[in-house]
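Below is one structure, written out as structure tokens, with a few remarks after it.
The values are calculated or read from the model by the stated rules, or taken from the named source; none is laboratory data. This one's a predicted model, so the numbers in the text were calculated from it and none came from an experiment. When we count neighbours, we look across all protein chains shown, and the Cβ atoms used for this are built from the backbone with ideal geometry, even at glycine. Accessible surface areas use protein heavy atoms only, side chains included; no ligands, DNA or RNA. Shrake-Rupley method; radii C 1.70, N 1.55, O 1.52, S 1.80 Å.
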Amino acid sequence: MARHSSVAIPADLRPRLEATRLDLLALFRALDRMDLTPAEIPQRLIRQLFELDADYVEALWGLDQPPGRISLAAMLRDTLAALEQLTDACSRLRSNLPSRSQATLPSLEASIRMKLNPAEAYNMVPDRDPQNC
């Protein structure tokens, strides 16, 4: 699907970003609910996930911009690169959590993910944040 210019934005990009943001939100909330101290959560690795999430927020915002406001080619390149990093970044974080959390985290994360409102994918997206509507 072409948007704004000759740059072809994949038709699945928005749903992929929305799902990714919801997956990360579930992970962040699960970690928050677990009995882990900040020292037990690898801060560098969680920061990396926060930064990737911010990239996805920016991409969702960018998809809504009028023609010529942003470079879609650069946005698409950066977004696809950020999406490629996610699986490894999540795996590194999970593998560096305390062993006592390894069995609990997946089920807690899945339970939280099922209860998320799809609109929460737009938390912190300027002009789309459901908390500000």
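Read phi for every residue in region 42-55 and hand back ³J(HN,Hα) as whole Hz from Karplus 6.51 cos²θ - 1.76 cosθ + 1.60, θ = phi - 60°, with x for Gly and Pro.
x, 4, 5, 6, 5, 4, 4, 5, 4, 5, 5, 4, 4, 4
Short version: ³J(HN,Hα) in whole Hz for each residue of region 113-128, in order, from phi by Karplus 6.51 cos²θ - 1.76 cosθ + 1.60 (θ = phi - 60°), x for Gly and Pro, what are they?
Once rounded to whole Hz, the list reads 4, 5, 8, 6, 7, x, 5, 5, 4, 9, 4, 6, 8, x, 6, 10.
For the pair T104 and A54, what calculated FRET efficiency results from E = 1/(1 + (r/R0)^6), where r is the Cβ-Cβ distance and R0 = 41 Å, to the nearest 0.05? Before the final figure, lay out the partial values.
Details: r = 27 Å, r/R0 = 0.66.
My answer for the efficiency is 0.90.
What distance in nm separates the two pseudo spin-label positions at S111 and R77, each 7 Å out from Cα along the beta-carbon direction?
Each label point lies 7 Å from its Cα, and together they span 4.5 nm.
Under 1.5 on a/c is rounded, so check that first for the chain, then, if it is not, pick prolate when a/b is larger than b/c and oblate when it is not; a ≥ b ≥ c are the square roots of the alpha carbon gyration tensor eigenvalues. Could you put the intermediate results ahead of the total?
Details: a/c = 2.49, a/b = 1.90, b/c = 1.31.
Taking the square roots of the gyration eigenvalues as a ≥ b ≥ c, the chain is prolate.
Roll a 1.4 Å probe over the protein chains and send me the accessible area per residue for region 55-133 in Å².
Details: 4640 Å² over 79 residues.
Result: 59 Å² per residue.
Shape verdict for region 24-78, please, from the Cα gyration tensor: rounded (a/c under 1.5), prolate (a/b greater than b/c) or oblate. Kindly include the intermediate steps, with their values, before the conclusion.
Details: a/c = 5.25, a/b = 2.81, b/c = 1.87.
Because a/c hits 1.5 or more and a/b exceeds b/c, region 24-78 counts as prolate.
May I ask which residue of A82, I41, V57 lies farthest towards the positive end of the charge dipole of region 26-104, with charges of +1 (Lys, Arg) and -1 (Asp, Glu) on Cβ and the Cα centre as origin?
I41
What size of dipole, in debye to the nearest 20, comes out for the chain about its Cα centre when the only charges are +1 on Lys and Arg C-beta atoms and -1 on Asp and Glu C-beta atoms? All intermediate terms of the calculation are to be shown ahead of the outcome.
Details: 16 positive and 18 negative charges, 32 e Å.
For the chain, the charge dipole is close to 160 debye.
How much length is gained on full extension from T87 to Q43, taking 0.36 nm per residue of separation minus their Cα-Cα distance? All intermediate terms of the calculation are to be shown ahead of the outcome.
Numbers: separation 44, 0.36 × 44 = 15.84 nm, distance 1.74 nm.
Extra length available between T87 and Q43 comes to 14.1 nm.
Compute the distance in nm between two label points, each set 7 Å from the Cα along the Cα-to-Cβ direction, one at R33 and one at S95.
2.7 nm
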